[in-house]
Amino acid sequence: MMHRFGMRGPRSPLLGLLAGALLVGGCGPAADPYATVAQVRGPWRSEPLALSPAAQEAAEAACKDSRAALVNGLPLEQLAVIDARGTGRITVIFGGAGAAFTRCELRMTAEGGLEQAGGWTRRSAGDNLLLPPDGLTIESGGGMLGGEGLASNASGRFGGAVNSVRFVFASGTVIQASVGLGWYTAWWPTDEMDFVVEAYDRAGQKIAEVER
């Protein structure tokens, strides 16, 4: 069962901490792995930006502070993965070992604050089971609304032997997913949904794939 919730509202008091130097990593010099607010709000990219620990904490707090989330009793269990790849959009997935999860969408302002921008939850599912080491699933996917215009997203689970996940589209586009605690997610600024999800182990060998 899925429940949507609207979350547009005031910023969390923690979020002013993000306006300085802190935000994301994985794309800058080795001595300074975190990029700026401008990079988080910059053009969409096929590879995710790695949020700093402070930014992750702020994003988690922004989702948990949502009045709508508290009213609807959403299962904000364990923070699993955060995806940031430009245009100011940040996706936060909360999930446990099973298939129930909550997806929270945030928007970064020009000042570096975070505003709630919507989300939804799935409370239960028939396949709510642990995955084998090479397991791979697609749990959700489809179009979404946002300030960047037309866009789509997909999320799923993977087993313990998986180190990285990517989307390979029929058009030839390849998108690297954000991964964490058995969950992956990504979004892209088109309505293209003809893709295969591929999972790779630590040696870089493909160990699983699933077609949408």
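The values are calculated or read from the model by the stated rules, or taken from the named source; none is laboratory data. Quantities reported herein were computed from a predicted structural model and do not represent experimental measurements. Neighbour counts run over all protein chains shown; Cβ positions are idealised from the backbone, glycine included.
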Next on the checklist: If I filter the range 74-85 for residues that are small (Gly, Ala, Ser) and either modelled with pLDDT under 55 or surrounded by fewer than 22 Cβ atoms within 10 Å (Cβ to Cβ) (or both), do I get at least one hit?
Outcome noted: no
Item to check | Matching residues, the range 197-208, being surrounded by fewer than 14 Cβ atoms within 10 Å (Cβ to Cβ) and at negative phi | outcome: ARG202, ALA203, GLN205, LYS206
Item to check | Residue selected from the range 177-196 under the condition over 22 Å from GLY119 (Cα atoms) and of a type outside the set (Val, Ile, Thr), by the criterion surrounded by the fewest Cβ atoms within 10 Å (Cβ to Cβ) | outcome: ASP194
